[in-house]
Amino acid sequence: MIVMESEKEHLVIFDTTLRDGEQSPGASMSLQEKLLIAHALERLRVDVMEAGFPIASIGDFEAVHAIASAIKDCTVCGLARAIPGDIERAAQAIAPANSGRIHTFIATSPIHMREKLKLEPDQVVEQAVASVRLARQHTDDVEFSAEDGGRSDLDFLCRVIEAVIAVGARTINIPDTVGYTLPHQYAEMISRVMEKVPNAHQAVFSVHCHNDLGMGVANSLAGVLAGARQVECTINGLGERAGNAALEEIVMAVRTRHDIFPCKTRITTQELVPCSRLVANIIGFPVQPNKAIVGANAFAHESGIHQDGVLKNRETYEIMRAQDVGWESNQLVLGKHSGRNALRNRLLELGVELDDQTTNELFKAFKQLADKKHELYDEDLLALVSEYAGGKTPEKLQLVNLHVCSDTMQLPLATVALKLNDQIIHGQASGSGVVDAIFKAIEQVSNSGSMLGLYSVNNITQGTDAQGEVTVRLSRNGRIANGHGTDTDIVIASAKAYIDALNKLDRSGSAHTHPQLGAL
């Protein structure tokens, strides 16, 4: 039976890019970067944004508090373990919000209760109830999550859920924390819990599915068809390990298959691509070209048969319009003759609003890039935003000069001049390639002792004059940081990225405590 649009229920989109997404190794964001993303999520019209885990660090608390103060059209949520101190801290962080939520959780699977919590089932129920009761003293909007719900005993899960609803939990999340279940299993679990819990009608049921087996989106949608009316997801599918269900895929699946889903979202879908680009540039994780909805190839056709079909009728090979998710058939191209106002207006169209000081700094960088590159596209502008709008702070290590020599008959040689604590220091090293030589020369100066875990290169736009985008992941003493660098010269971009990662490793507060690592 086809459900009329006017009869469809509302599907709550709970975005956790700023919390679970930031738990991706090396994906830490500054306060200003988080605010940029929060405003983009507000324009996207997510219902709830989980802004962080306030007890994890002072930086996380300040970010949640700042977002709660700035965001007006979304519920701002803070995560808390089922511990009084966590809940009190979350309550303080969301206090300025027009609409605030406390999201508290405790594990309910046998392996988590036994191995991690060291608690008996009765103790878990008691702690869950006490945490929800305390959270309700601060806000009427309390969400409870049964961590590792996908591997929990069904009867015990129902017991915990009934108890927390009885004391005021109004959203119940049953997460597939480790991405273990299959869609039919997950759907059956959601429907059986909703049938067996006598007070289930007093709460909205939520799904939060990880992507360890590549089924985060499939499991989430199966949960929605089984009766869940909130989906927890992230932009670009960011998240720890293999990530979370991708928000853009969830939203467009529900919209495109409106004949199947008895619900709809309030998402402004034209903001999906701009929001995806902003997050990718700030985090430094390029979106793979074949990524659904927001990948560069999502609406591209190379096969002659496909091209012929699309030219005759777009719907032969496209189930969505590119413009409906934020792609544009025509882009406004800016160049060296463009003025400050043209730049500001285009950034606003891309969903980026900056203060005057940041705009002035960005405009100078824009002009410098325009002298090197005749035409600047939207991707170029967003790359600049990620460099200049993230809350610039004095860096311990800065690139002053770079010289490389590469010859087919000898090893490449790199010479660098770096500013280290206001002193210019030179370094020189050879390597198996130009980039290897650069990194070794920088390491010679910095003596950081870090290990290179990832080196990724991506072209921001097309053409031989395109900006190169480089991501470098470094680790040291258990801490991980991603460095991001862009330049029309990929060699310079590589040096920038390595130095950026080193500065993040040295910057206090850049590492975050994982919410599952604290002792309960």
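Restricting attention to region 84-118, which residues are among the hydroxyl-bearing types (Ser, Thr, Tyr) and over 26 Å from the mean Cα position of the chain (by Cα)?
Those that are among the hydroxyl-bearing types (Ser, Thr, Tyr) and over 26 Å from the mean Cα position of the chain (by Cα): Thr108, Ser109.
Cβ-Cβ distances below 8 Å connect the following pairs, each with a first residue in region 45-59 that is on the phi < 0 side of the Ramachandran plot, a second residue that is basic (Lys, Arg) and in a strand (DSSP E or B), and a separation of six or more residues or different chains: Val48/Arg101; Ile55/Arg81. Being more than 27 Å from the chain's Cα centre (by Cα) and small (Gly, Ala, Ser) is the requirement here; does Ser152 meet it? Spelling it out, Ser152 is indeed more than 27 Å from the chain's Cα centre (by Cα) and small (Gly, Ala, Ser).
Check region 108-129 and report whether any residue there is surrounded by fewer than 17 Cβ atoms within 10 Å (Cβ to Cβ), touching a strand residue (DSSP E or B) at 6+ places or on another chain (Cβ under 9 Å), over 30 Å from Asp73 (Cβ atoms) and in contact (Cβ under 8 Å) with a residue 12 or more places away in the chain. Please lay out each step first, then the result.
Here is the first cut: in region 108-129, the residues surrounded by fewer than 17 Cβ atoms within 10 Å (Cβ to Cβ) are 110-111, 114-116, 118, 120-123, 126.
This time we only want the ones that are touching a strand residue (DSSP E or B) at 6+ places or on another chain (Cβ under 9 Å), so: 116.
Next, only the ones that are over 30 Å from Asp73 (Cβ atoms) stay: 116.
Those still in the list that are in contact (Cβ under 8 Å) with a residue 12 or more places away in the chain too: 116.
Yes, that holds for at least one residue.
Within region 470-493, how many residues are free of Cβ contacts under 8 Å to residues at least 60 places away in the same chain, of a type in the set (Gly, Ala, Ser) and outside any loop (DSSP other than H, G, I, E, B)? Selection size over region 470-493: 3. Set side by side, the residues Phe261, Phe156, Phe205 differ, and just one is within 21 Å of Phe105 (Cβ to Cβ), out of contact with any Gly (no Cβ under 9 Å at 6 or more places or on another chain) and among the hydrophobic types (A, V, I, L, M, F, W, C), which is Phe156. Specify the residue that is surrounded by the fewest Cβ atoms within 10 Å (Cβ to Cβ); the eligible residues are those in region 203-247 that are among the charged types (D, E, K, R) and over 15 Å from Gly21 (Cβ atoms). Across region 203-247, the extreme among qualifying residues is Asp212.
So that you can scan it fast, the table gives a plain yes or no per residue for (1) under 19 Å from Gly100 (Cα atoms); (2) outside any strand (DSSP E or B); (3) modelled with pLDDT of 95 or more; (4) not polar (S, T, N, Q):
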site: Ile2; (1), (2), (3), (4): no, yes, no, yes
site: Thr17; (1), (2), (3), (4): yes, yes, yes, no
site: Glu22; (1), (2), (3), (4): no, yes, no, yes
site: Pro25; (1), (2), (3), (4): no, yes, no, yes
site: Lys34; (1), (2), (3), (4): yes, yes, no, yes
site: Ala38; (1), (2), (3), (4): yes, yes, yes, yes
site: Leu41; (1), (2), (3), (4): yes, yes, yes, yes
site: Val46; (1), (2), (3), (4): yes, yes, yes, yes
site: Glu50; (1), (2), (3), (4): yes, no, yes, yes
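Could you count how many residues in region 401-417 are of a type in the set (A, V, I, L, M, F, W, C) and more than 16 Å from Ala493 (Cβ to Cβ)? I'd like the intermediate steps shown before the answer.
Here is the first cut: in region 401-417, the residues of a type in the set (A, V, I, L, M, F, W, C) are 402, 404-405, 409, 411, 413-414, 416-417.
Okay, now just the ones that are also more than 16 Å from Ala493 (Cβ to Cβ), so 405, 409, 411, 413, 417.
Matching residues across region 401-417 total 5.
Can you find even one residue in region 4-12 that is surrounded by fewer than 19 Cβ atoms within 10 Å (Cβ to Cβ), of a type outside the set (D, E, K, R) and either in contact with a strand residue (DSSP E or B) (Cβ under 9 Å, 6 or more places away or on another chain) or part of a helix (DSSP H, G or I) (or both)? Within region 4-12, one or more residues are surrounded by fewer than 19 Cβ atoms within 10 Å (Cβ to Cβ), of a type outside the set (D, E, K, R) and either in contact with a strand residue (DSSP E or B) (Cβ under 9 Å, 6 or more places away or on another chain) or part of a helix (DSSP H, G or I) (or both).
The values are calculated or read from the model by the stated rules, or taken from the named source; none is laboratory data. Predicted model only: the values in this text are computed from it and were never measured. With ideal geometry, Cβ positions are generated from the backbone for all residues, glycine too; neighbour counts draw on all protein chains shown.
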